[in-house]
Amino acid sequence: MQVSVDGFVAGPEGQLDWMTWNWDDELKKFVSELTDSMDTILLGRKMTAGFVNYWESVKPDNPEFPFAKKMVDAPKIVFSKTQKNVSGINTSITNADLTEVVNKLKSQSGKGIIVYGGAGFVASLIDNNLIDEFYLFMNPTAIGNGMKIFSNQIKLQLLESTKYECGIVLNKFILNN
């Protein structure tokens, strides 16, 4: 999850203009390797259209194409309480109970599961204790106000912290039980 230094994941109305987009090669490599360690993407309804449309529109001559292909080819499960249909390659939707679906997915064999948001969806996963590892990409920007993913106190254990040339610091946490 991209996060500002003051703990926000988006501006008050979902703005992302504060994020660092000029990632260096090492950070791109890390994200690609992290993506290779998963075989399922979870998405909240609100960000699905933008996510799916963006990655499906990347052309083969674009340097992002190898990563885009991973995003398109991976099975994506969209969680919604209201929407019944979703479009996109390898994209399905569920209206079932979040905890039941995620726990069932976690019990299956295969690679890991990765969540690409949005903020409200990730907050629901956190509130239901469904996230095992947190990768927080701290951007070198404070935005003062916005959307958060943490609504309650949660004790985390820092496993590693890596500073990248572009200014992002990646902090990997697990729950500290």
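The values are calculated or read from the model by the stated rules, or taken from the named source; none is laboratory data. Predicted model only: the values in this text are computed from it and were never measured. With ideal geometry, Cβ positions are generated from the backbone for all residues, glycine too; neighbour counts draw on all protein chains shown.
Only one residue in 110, 144 is loosely packed, with under 14 Cβ neighbours inside 10 Å and under 18 Å from residue 75 (Cβ atoms), so which one is that? The match here is 110. Among strands (runs of 3 or more DSSP E) entirely within the range 87-165, having at least 3 residues that are of a type outside the set (Lys, Arg) and within 20 Å of residue 42 (Cα to Cα) singles out 91-94, 112-115, 133-138. Starting from the range 138-163, keep only residues that are without any contact (Cβ under 8 Å) to a residue 12 or more places away in the chain, then list their pairs with residues that are exposed (fewer than 11 other Cβ atoms within 10 Å of the Cβ) and not in a loop (DSSP other than H, G, I, E, B) whose Cβ atoms are within a distance under 7 Å, requiring at least 6 positions of separation or different chains. Here the result reads none, with nothing in the range 138-163 linked to a residue that is exposed (fewer than 11 other Cβ atoms within 10 Å of the Cβ) and not in a loop (DSSP other than H, G, I, E, B).
With respect to the conditions (1) modelled with pLDDT of 95 or more; (2) more than 25 Å from residue 148 (Cα to Cα), residue 63 lacks only one, and its number is (1).
If you filter the range 82-105 down to residues that are in contact with an Asp or Glu (Cβ under 8 Å, 6 or more places away or on another chain) and not aliphatic (A, V, I, L, M), you find that the one that is surrounded by the fewest Cβ atoms within 10 Å (Cβ to Cβ) is 90. The test for being closer than 18 Å to residue 79 by Cβ and touching a residue at least 24 places away in the same chain (Cβ under 8 Å) does not hold for residue 27. Close Cβ contacts (under 9 Å, 6 or more residues apart or on different chains) running from residues in the range 165-177 that are farther than 17 Å from residue 140 by Cα and exposed (fewer than 15 other Cβ atoms within 10 Å of the Cβ) to residues that are at pLDDT 95 or above and among the aromatic types (Phe, Trp, Tyr) comprise 174/134; 175/134. Looking at residue 54, is it within 16 Å of the chain's Cα centre (by Cα) and at pLDDT below 95? When the stated conditions are applied, residue 54 does not pass them. Applying the set (1) within 16 Å of the chain's Cα centre (by Cα); (2) modelled with pLDDT under 95 to residue 102 leaves exactly one unmet item: (2).
For the range 22-29, check the following and say yes or no: at least one residue is under 24 Å from residue 97 (Cα atoms) and either among the hydrophobic types (A, V, I, L, M, F, W, C) or modelled with pLDDT of 95 or more (or both).
No, every residue in the range 22-29 fails to be under 24 Å from residue 97 (Cα atoms) and either among the hydrophobic types (A, V, I, L, M, F, W, C) or modelled with pLDDT of 95 or more (or both).
Give me the residue from the range 1-60 that is of a type in the set (Ser, Thr, Tyr) and loosely packed, with under 12 Cβ neighbours inside 10 Å and, out of that set, nearest to residue 166 (Cα to Cα).
37
Closer than 22 Å to residue 135 by Cα and without any contact (Cβ under 8 Å) to a residue 24 or more places away in the chain - does that describe any residue in the range 4-16? Yes.
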